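In what follows, a single structure is set out as structure tokens and then discussed.
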Amino acid sequence: MPKGGPPGYVSIMAETPKPRIQSDIDSLQAGSFTGEEGGAAVSPGKDLAAAAMVAAIGLAAMILSLDLDAPASLYTAPGLMPFLTGLCLIIMAAGLARKALKRAHLREILAAAGDPIGPYLADAEGRRTLILVGLVFVYVVLTDLISFEIRMPTGFYTFRFSSYEAISIPIIALILKMFWRARWLACIAVAAGMVIALAWIFRDGFEILLPGSG
């Protein structure tokens, strides 16, 4: 009989999966992090394609933000925040593209990318990434096209609800539902709290108009 227990004891222990945290520690010690899903490392082609899509979204956000009016000055322009967000997206996309090109030459990536969309549709994570890109694009377009603001003055404060909140809350709630996978009520509550808090900080704290604000 094997040391430490009955004959089946060793085989049962050998098949016991490692805890998630231990798997992450082992992968970091090996020099590669497998990520939250614990799957294989992302290929350079996927990284480069993701960088191109993120850069396109950032550029679109910057271009659309320039069309927004600047009532007082540059520092209070409603397009300032989306412009800076788009610029940050382009900088992050450049970093991701640089990392992908260090792992493989551009010719090798292009040769392996006969179908650039196919790898993203092959697994659930890739499909969620494409949906996220689409949602961000829709968000940017809707923010530029729809503009309204409802003001509710009271004796001590004027409450405002604009197209920024009306568009941001459902879009962010949907993104949270996809990646956080919590209940709809929790996703909507978190999204509403985040958006309303940001709107209050920028409107009343920094005195910066948000898209859709008058």
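The values are calculated or read from the model by the stated rules, or taken from the named source; none is laboratory data. What you see is a predicted model, and the numbers here were worked out from it, not measured in a lab. Note that we place each Cβ from the backbone using ideal geometry, even for glycine, and neighbour counts take in every protein chain shown.
Observations
- Selection status of L176, surrounded by 15 or more Cβ atoms within 10 Å (Cβ to Cβ), aliphatic (A, V, I, L, M) and at pLDDT 85 or above: yes
- Among (1) within 15 Å of A52 (Cβ to Cβ); (2) buried (at least 16 other Cβ atoms within 10 Å of the Cβ); (3) at pLDDT 75 or above, the one test that R98 misses: (2)
- Test: V138 is closer than 27 Å to I63 by Cα, outside the structural domain of A50 (by TED's automatic domain parsing), out of contact with any strand residue (DSSP E or B) (no Cβ under 9 Å at 6 or more places or on another chain) and aliphatic (A, V, I, L, M): yes
- Of the residues contained in segment 65-79, one or more are found to be touching a Phe, Trp or Tyr at 6+ places or on another chain (Cβ under 7 Å), of a type in the set (G, A, S) and modelled with pLDDT under 85.
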